[in-house]
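Here is the structure we will look at, set down as C-alpha cells.
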Amino acid sequence: MKKAHGRAAVVISAALFWLILWECVSLSVGSELIFPGPVRTLAALIGLLGTSEFYTSVGWTMLRVFGGVFLSVGLGIVFGILSGFYEPVRTILAPAVSTVRSLPVVSVIILLNLWLKSGVVPLAVTFFVCFPITWTNVTEGILSTDPLLVEMADLYRVPAGRRLRDLYFPALRPYLNASLMNAVGMGWKSTVTAEVLAAARPSAGMNLYYAKLYLNTPELFAWTVALILCSMIVEKILRLIIGKERPAI
Amino acid sequence: MKARHIYKNYQTAAGNCRVLSDLSFDAGPGITGLTGPSGTGKTTLLRILAGLEKPDSGTADTDGKKIGYVFQEDRLLPAVSVRRNLEFVQEKPDRGRIDEVLRMTGLTEKADSLPDELSGGMKRRVALARALVSKPEILLMDEPFTGLDPELTAALIADIKTIVKENGITAVVVSHQQGELEALCSRIVPLSQINGSGEYSD
C-alpha cells in the first residue's frame, strides 16, 4: 500500500514537473499564438469537448484507426500463418512486405490518394503501415515454434486445426500481442497524418490542420492533447484485454 | 515390427558418419530393450521404426500399426493442461480413454495442471500417458527414465510392464542404463550385435 502511494506520488510529481516546465516555456515565449501554456490549452480542450464536431471527428478517426489495425492484424495473421507454413508463400510475400515497410508513409499516402477516396486513404495507409508488423511477427512466431513439438505433432498426425489451437497459437501469443500493440501505436500516427494529407473529412487530423491554418494554436495544442489521451486510453484498454505488458519490439 | 538391412549415414563436420550398417531387427509383443554406448544409433533406429527418419537403404515395417512414442525429451505442450496434452494426439477426442490413461499412469489428480507445474517424474508420466492414449500397438521409448531418481524409475518400470502386458503392446525401449533395461525388458539386444553384420530375431 505504502509502495503504491509512493509510486503515485512519483508519477504526480513527474507530471507536475513537465506541466510547470511547459508553463515556464510558454511564459518565456510570451505569445499564445506561438506557444500556449497548459491552462490555455486545457481551456481550449474543454471548449472542444462541448462541441459535437469533436466527437464526430474523433469517432471517425478512431474508426479509421481500428478499421486499418484490425484489417492489417487480421490479414497479417492469415498471411503470416500461411507464410510460416509454406515457404513459397513466404518467398512471394517477403519482397512485397519489405518494400511496403521501407516506403516512407508520405509516399504511401500520396500514392493511395491518387487511387482512393480521401476518407478511405487513412484506413488504407494504416493497413499498409501495420500489415508488415503483424505479418513479420506471425511468420517469425510460426517459424520459431519448437521443432521438437512440431515433430511430435507430425508423428501423431495431429490435424491442422488442433495444431493451431494448442501448439502454434500459444507460441504465437507474445508475437501477436506485440504486433497488436505496435499496430495500434503506429495506426494512430499514420491515420492522423493521412487524414491531413488526404484531406479526409470529418477527422481529427483535419481539425488539427484547420487549427494551424487559422492560427488557433491553443486549439491545435488541445487537439494534440486529445489525440494523445485517446491513444493512451486505447492502449490501456488493449493491455487490459491482452493482459500482458508490451513486449520488446 | 521388423527392420531389414537398414543403412543410415549422417553428414557431420568431420565427414560422412555411418551410424547403422546392414541392421536387421524383429520385435514382437513384450518389451525389447536396445542397449549400447552413446552414439551407436539406438535413437536413430527408434526414429526409423517410428517413421520420423528414412533410412538411406533398407526397410522398416510396422504393418501400419498405431505407434506411441516416448521421446527422450518430454515434448509437452507448455500452454495447455495435461488433459489437453493427451487430447492433442487423439484421432477423435475421447474423454473416457483420457480418464482411463490418467488413472493408469497415476495422473488423475494432475489432469488440469500445466506441464510447468509438474515435477520431472510427473512430466515423464504425462509423456508416457500421451504415448498410450491412442491405444498404440507399438510403443517406442527413448531413454524414458532420464532425469528421474531411482525410486520414481522403479515405480514407472512397474507401471510400464503392467500396461504393456495388459494391452498386448509390442514395446521397444532404448537406454544406456543396463540396470533399467534388465528390470523392464523381457529381452535385451545389444545394438552392436545387430549393427554391422548381425541380426536379431524375436
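The values are calculated or read from the model by the stated rules, or taken from the named source; none is laboratory data. As the structure is a computational prediction, the values presented were derived from the model and not from experiment. As a convention, Cβ positions derive from the backbone with ideal geometry for all residues, glycine included, and neighbour counts pool all protein chains shown. In case anyone asks, the SASA skips ligands and DNA or RNA and just uses the protein heavy atoms, side chains included. Shrake-Rupley method; radii C 1.70, N 1.55, O 1.52, S 1.80 Å.
Counting, for every residue in B:44-56, the Cβ atoms of other protein chains within 10 Å of its Cβ and taking the mean gives 1. Comparing the full protein assembly with the isolated chain (1.4 Å probe, heavy atoms, ligands and nucleic acids excluded), the residues of the stretch A:144-174 losing at least 50 square angstrom of accessible area are A:148, A:149, A:151, A:152, A:155, A:156, A:162, A:166. Chains A and B together bury roughly 1600 Å² of accessible area, counting both sides, with a 1.4 Å probe on protein heavy atoms only.
Would you compute, from DSSP H runs of 4+ residues alone, the mean residue ellipticity of chain B at 222 nm, taking -39500 (n - 2.57) per run and dividing by the full residue count, rounded to the nearest 500?
Details: 7 runs with 68 residues, N = 202.
Estimated from H runs of four or more residues: -10000 deg cm²/dmol.
Principal-axis analysis of the Cα atoms of chain B puts helix B:95-104 at an angle of about 80° to the longest axis. Modelled label positions at residue B:135 and residue B:22, each set 7 Å beyond Cα in the direction of Cβ, lie 4.2 nm from each other. Only Lys, Arg, Asp and Glu carry charge here, each on its Cβ (+1 for the first two, -1 for the last two); on that basis the stretch A:35-242 has a dipole of about 240 debye about its Cα centre. Each of residue A:233 and residue B:116 was given a label point 7 Å from its Cα along the Cα-to-Cβ line. The distance between the two points is 3.5 nm. Among B:108, B:158, A:182, whose Cα projects farthest towards the positive end of the dipole of the protein assembly as shown, with charges put on the beta-carbon of Lys, Arg (+1) and Asp, Glu (-1)? Result: A:182, furthest along the dipole toward the positive end. Put the Cα centre of the stretch A:79-133 next to the Cα centre of the stretch B:125-182 and the gap is 52 Å.
Around the amide H of residue B:189, modelled in the peptide plane, lie the amide H atoms of B:33, B:34, B:35, all under 5 Å away and 5 or more residues distant in sequence or on another chain. Ligands, DNA and RNA left out, the 1.4 Å accessible surface of chain B is 47% carbon and sulfur atoms.
Against chain B, whose longest principal axis is taken from its Cα atoms, helix B:150-167 shows a tilt of about 90°. Near residue B:19, the amide H atoms lying under 5 Å from its own belong to B:8, B:9, B:10; only residues 5 or more places off or on other chains count, and H is placed 1.01 Å from N.
In a fully extended conformation the segment linking residue B:7 and residue B:154 would gain 49.4 nm over its present Cα-Cα distance, using 0.36 nm per residue.
Backbone geometry of the stretch B:70-86 corresponds, through the Karplus equation with coefficients 6.51, -1.76 and 1.60 at θ = phi - 60°, to 3J(HN,Hα) couplings of 9, 6, 4, 9, 5, 6, 9, 5, x, 8, 10, 5, 4, 4, 5, 4, 6 Hz, x marking Gly and Pro. Hydrophobic long helices, here whole DSSP H runs in chain A with Kyte-Doolittle means of at least -1.0 and Cα atoms spread over 15 Å or more along the helix axis, are found at A:2-29, A:38-49, A:52-85, A:87-102, A:105-115, A:121-143, A:169-197, A:217-242. log₁₀ I(q)/I(0) of the stretch B:78-134 at q = 0.12, 0.16, 0.30 Å⁻¹, via Debye over equal Cα point scatterers, no solvent, to two decimals? Computed log10 I(q)/I(0) values: -0.21, -0.37, -1.38. Compared with the alpha-carbon gap, the fully stretched path from residue B:92 to residue B:79 is longer by 2.6 nm at 0.36 nm per residue.
Rolling a 1.4 Å probe over the protein heavy atoms of the stretch A:1-128, with every protein chain left in place, gives an accessible area that is 77 percent carbon and sulfur.
For the stretch B:1-110, the relative contact order works out to 24 percent when only alpha carbon pairs closer than 8 Å and six or more residues apart are counted.
As a calculated quantity, the FRET efficiency between residue A:224 and residue A:173 at R0 = 25 Å, using C-beta atoms, amounts to about 0.15. The residues of chain B have, on average, 45 Å² of accessible surface per residue, using a 1.4 Å probe with all protein chains present. Hydrodynamic estimate: the Kirkwood radius of the protein assembly as shown over Cα pairs, inserted into Stokes-Einstein at 20 °C and 1.002 mPa s, corresponds to D of 80 µm²/s. Dividing the summed -39500 (n - 2.57) terms of all DSSP H runs of n ≥ 4 by the residue count of chain A sets its mean residue ellipticity at 222 nm at -27500 deg cm²/dmol. For chain A, just say rounded, prolate or oblate: build the C-alpha gyration tensor, square-root its eigenvalues into a ≥ b ≥ c, call rounded for a/c under 1.5, and beyond that prolate if a/b exceeds b/c, oblate if not. Taking the square roots of the gyration eigenvalues as a ≥ b ≥ c, chain A is oblate. Amide hydrogen proximity for residue B:24: with H placed 1.01 Å from N in the peptide plane, the residues at 5 or more positions away or on another chain lying under 5 Å are B:5, B:6, B:200. In terms of packing, defined here as the mean over residues of other Cβ atoms within 10 angstrom, the peptides A:97-106, A:114-123 line up highest first as A:114-123, A:97-106.
Below 8 Å between Cα atoms, with a sequence gap of 6+, how large is the relative contact order for the stretch B:78-134 in percent?
51 percent
Relative contact order of chain B: 34 percent, from C-alpha pairs under 8 Å at least 6 residues apart in sequence.
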